[in-house]
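K.L.:
My structure is below; once you've seen it, I'll send some questions.
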Amino acid sequence: MLVTMGHMSRDHCLSERERGLWLAFIEASHLIERRLDQRLRIETGIGYGQYEILMRLSRVPEHGLRMSELADQAVTTKSGLTYQITQLEKAGLVDRRQCPGDDRGVLAHLTEAGKRMLDKLVPVHEAVVREYLTGQLSAEQLDALSAAMCAARRHLRGEPQEGTAPVSCRGDRP
């Protein structure tokens, strides 16, 4: 069965090459994320979404971020982040603090227990990424994929094509 775009001009339709790339990208990213989530849960009891929060908190000075900034970086809703932070807080891996100088602002802060949990999570994450993504690519493919994903991320975030990003990419300035 052929699906047509009806009134859309050919200029607005993806080419077969673009459509194939898109479908491969979303399938591969979902499969890798699913495998990562499964392995993290089996080996540590923490899922991928919570791991990402802990990892992002560990990468900033003082190990704390405003909730709104953390939601933006993790590409999640504020309510979704609040739920995950509540679960992490119950586990003693994060705590919430008032933002200095802002009575309404709330910081999510990585605790010492959260840092210890990350020591268990990071090797699992890295093993999955290497097994299912980076370890399957040649150096040239890795460079090309990195350049493409970093350029796409910068565009989506409205950042200059050469500049600092939330996650460093080859070519980003410190």
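The values are calculated or read from the model by the stated rules, or taken from the named source; none is laboratory data. Here the structure is a predicted model, which is why all the values come from computation and not from measurement. Because the Cβ atoms are built from the backbone with ideal geometry, glycine has one as well, and the counts that use them run over all protein chains shown.
K.L.:
Select from the stretch 97-121 the residues that are in a strand (DSSP E or B) and free of Cβ contacts under 8 Å to residues at least 24 places away in the same chain and write down the one among them that is nearest to residue 42 (Cα to Cα).
P.N.:
Taking the candidates together, the pick is 98.
K.L.:
Right, something else. Taking residue 39, is it of a type in the set (Lys, Arg), buried (at least 16 other Cβ atoms within 10 Å of the Cβ) and under 24 Å from residue 159 (Cα atoms)?
P.N.:
The answer is no for residue 39.
K.L.:
When only residues in the stretch 132-174 that are of a type in the set (Lys, Arg) and modelled with pLDDT under 85 count, which is nearest to the chain's Cα centre (by Cα)?
P.N.:
170
K.L.:
So which residues in the stretch 102-116 are aliphatic (A, V, I, L, M) and within 11 Å of residue 57 (Cβ to Cβ)?
P.N.:
Residues satisfying the conditions are 107, 108, 110.
K.L.:
Tell me, which residue of the stretch 53-98 that is more than 17 Å from residue 112 (Cβ to Cβ) and among the small types (Gly, Ala, Ser) is surrounded by the most Cβ atoms within 10 Å (Cβ to Cβ)?
P.N.:
71
K.L.:
What do you reckon, is residue 76 modelled with pLDDT under 95 and outside any helix (DSSP H, G or I)?
P.N.:
Yes, satisfied.
K.L.:
Also, I was wondering about something else. Scan the stretch 79-96 residue by residue and report those that are assigned to a helix (DSSP H, G or I), more than 28 Å from residue 156 (Cα to Cα) and of a type in the set (Val, Ile, Thr).
P.N.:
Scanning the stretch 79-96 gives a single hit, 86.
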